[in-house]
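A short write-up of the structure that comes next.
What follows is calculated from the coordinates using simple rules that are stated; it is not laboratory data. Please read all numbers here as calculations on a predicted model, not as lab measurements. Glycine also receives a Cβ, built like all others from the backbone with ideal geometry; neighbour counts cover every protein chain displayed.
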Amino acid sequence: MIVFTLGGWEANIPVYTAVAFGSSPFAAGNLIALGGLCTFPLIFLNVFAARRFQDRHILATGASIGLLGLLVALAVLASDTMTYWSLFACWIFVALGFNVASTVTVSLLSKQMPHHWLGRLNLAVEYSS
């Protein structure tokens with residue numbers, strides 16, 4: 001579900017920004033990339049936080065942040081006040097939350113599989129998402 005939510009948002013941003021703001025696919029790509037750059041430091045901090053917190057807490061936090069982004073986007077769309085920057089803020093919350101939640105998959109995989117399989121299995125999980 002997490003992968004489909006992120007994929008749906010990434011596929012929808014160029015279409016929505018073209019209709020709502022009249023922007024080009026290049027500008028929409030910049031929005032997606034800038035959102036990724038803004039979430040990178042926080043996702044990087046997750047590497048250190050993962051050692052101190054249980055996987056279920058990381059999963060719940062990530063899913064909650066992503067859900068917050070989705071709910072804010074729905075509220076702003078319902079009030080018909082969507083701007084470029086409010087869409088950008090919602091994208092940051094969705095990307096951050098669901099990317100943090102998806103790190104649990106690799107963590108759980110590393111606890112279940114033999115150590116000599118982990119390199120290839122981690123790549124398979126990352127490539128599948």
Relative contact order of the chain, pairs being alpha-carbon contacts under 8 Å that are 6 or more residues apart, as %: 30
Principal-axis tilt of helix 118-128 within the chain, Cα atoms, nearest 10 degrees: 20
P(r) of the stretch 24-79 over all Cα-Cα pairs, binned every 5 Å from zero, in whole percent: 4, 15, 15, 21, 20, 13, 7, 4, 0
Long-range amide H partners of SER23 with built H, under 5 Å: ALA18
Angle in degrees between helix 25-49 and the longest Cα principal axis of the chain, rounded to the nearest 10: 30
Using a Förster distance of 25 Å, the FRET efficiency for SER64-PHE44 (Cβ separation, nearest 0.05): 0.80
Values of log10 I(q)/I(0), in the order q = 0.18 Å⁻¹, for the chain under a Debye, Cα-only, solvent-free model: -0.99
Trypsin sites (Lys or Arg not before Pro) within the stretch 1-71, DSSP loop, no more than 15 other Cβ atoms inside 10 Å: ARG51, ARG52
